[in-house]
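The values are calculated or read from the model by the stated rules, or taken from the named source; none is laboratory data. This is a predicted model, so every value here is computed, not measured. All Cβ positions, glycine included, derive from the backbone under ideal geometry; neighbour counts span all protein chains shown.
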């Protein structure tokens, strides 16, 4: 699991939101198509939901609470110094989904995200579109490379 997901996920927030929504771990798991054991593991911080699952959690909790819950509510990612992995998680995208949206292979996208491959100028606008950020934010986030995953 990448740094953004592993270090930023807030199990306590998930517990609070699930309880506020009046959902049991089993009911939340059923609604998401995962076991109650998976939900329990997330809530105890033993496992971290993948980025796409964070998006599904936010959607489900928003509907159950009749208020907006975003991925940013479930993770603690600072507003400054965001990596490409941070932006990807905030957009609830897996590396594969972000890569497809940017027209890159998953392995190449992952290498850029980790800082193992340089960011090519022609890839910047595609990454910006894929992540819903500006080209300048892509360049800055890539400069934070080697910290994502």
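Among the residues in the stretch 76-85, are any in contact with a helix residue (DSSP H, G or I) (Cβ under 6 Å, 6 or more places away or on another chain), surrounded by fewer than 16 Cβ atoms within 10 Å (Cβ to Cβ), closer than 30 Å to residue 119 by Cα and touching a residue at least 12 places away in the same chain (Cβ under 8 Å)? Lay out the reasoning, then the answer.
Step one: of the stretch 76-85, the residues in contact with a helix residue (DSSP H, G or I) (Cβ under 6 Å, 6 or more places away or on another chain) are 76-77, 82-85.
Next, only the ones that are surrounded by fewer than 16 Cβ atoms within 10 Å (Cβ to Cβ) stay: 76.
With the extra rule that they be closer than 30 Å to residue 119 by Cα, the set shrinks to 76.
If we keep only those that are touching a residue at least 12 places away in the same chain (Cβ under 8 Å) as well, we get 76.
Yes, some residue in the stretch 76-85 is in contact with a helix residue (DSSP H, G or I) (Cβ under 6 Å, 6 or more places away or on another chain), surrounded by fewer than 16 Cβ atoms within 10 Å (Cβ to Cβ), closer than 30 Å to residue 119 by Cα and touching a residue at least 12 places away in the same chain (Cβ under 8 Å).
Mind listing whichever residues of the stretch 93-110 are under 8 Å from the mean Cα position of the chain (by Cα) and crowded, with 21+ Cβ neighbours inside 10 Å? Within the stretch 93-110, 93 is the sole residue that qualifies. Beta carbons closer than 7 Å, at least 6 apart along the sequence or on distinct chains, pair a first residue in the stretch 55-72 that is outside any helix (DSSP H, G or I) with a second that is surrounded by 18 or more Cβ atoms within 10 Å (Cβ to Cβ) for 69/17; 69/58; 69/61; 70/58. Scanning the stretch 76-93 for residues that are modelled with pLDDT under 90 and either closer than 15 Å to residue 11 by Cα or part of a helix (DSSP H, G or I) (or both) yields 76, 77.
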